[in-house]
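To start, the structure itself, in structure tokens.
The values are calculated or read from the model by the stated rules, or taken from the named source; none is laboratory data. On a predicted model such as this, the values are computed, not experimentally measured, just so you know. All Cβ positions, even for glycine, are placed from backbone atoms using ideal geometry, and neighbour counts span all protein chains on display.
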Amino acid sequence: MAPSNLWVPDRGEVIWIQFNPQVGKVEKKNEHPMIVLSTKPFNQKIGLVIGLPMTHAESNESNPFAVKHLGAKGEVAYILTHQPKSFDWRERGARPHTWKQLPPAVFEQVCEGLNSIVRICA
């Protein structure tokens, strides 16, 4: 299903996006959910989306850079703050995820996690 021509990913939104091609063993591959960090005007104008991948891999339970999130229907996901990505969201077939937006408190925790690594966020 192709996304509507009117839809543009926005900050805090959960989207599906293709991570292939993947390089190395720690990069995500295939289609995964992603938390959008970049703003809608940037995403629309530039055509890129900056975000963080999500996974259900329980091995991230002890990962200090993974933010645990309990999604819809009690599903556990881990947001990988140590793997920021920038993708052409149109070419990679991005589309909205059923979870829609992260709760503000979780999004703030994700930003704090990224900030602990790169220290560019205020």
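Within the range 54-76, the set of residues being within 11 Å of the chain's Cα centre (by Cα) and either at pLDDT 95 or above or buried (at least 20 other Cβ atoms within 10 Å of the Cβ) (or both) comprises just one member, Met54.
Can you confirm whether the range 65-85 contains a residue that is under 17 Å from Asp10 (Cβ atoms), touching a residue at least 12 places away in the same chain (Cβ under 8 Å) and among the β-branched types (Val, Ile, Thr)? Within the range 65-85, one or more residues are under 17 Å from Asp10 (Cβ atoms), touching a residue at least 12 places away in the same chain (Cβ under 8 Å) and among the β-branched types (Val, Ile, Thr). Inspect the range 105-120 for any residue being in contact (Cβ under 8 Å) with a residue 40 or more places away in the chain and either among the basic types (Lys, Arg) or assigned to a loop (DSSP other than H, G, I, E, B) (or both) and give the result as yes or no. No: the range 105-120 contains no residue that is in contact (Cβ under 8 Å) with a residue 40 or more places away in the chain and either among the basic types (Lys, Arg) or assigned to a loop (DSSP other than H, G, I, E, B) (or both).
One residue stands out among those in the range 31-50 that are surrounded by 14 or more Cβ atoms within 10 Å (Cβ to Cβ) and hydrophobic (A, V, I, L, M, F, W, C): the one that is farthest from Pro96 (Cα to Cα), which is Phe42.
The set of residues in the range 86-104 that are surrounded by 12 or more Cβ atoms within 10 Å (Cβ to Cβ) and touching a residue at least 60 places away in the same chain (Cβ under 8 Å) comprises Phe87, Trp89, Arg92, Gly93, Ala94, Arg95, Pro96, His97, Trp99, Gln101, Leu102.
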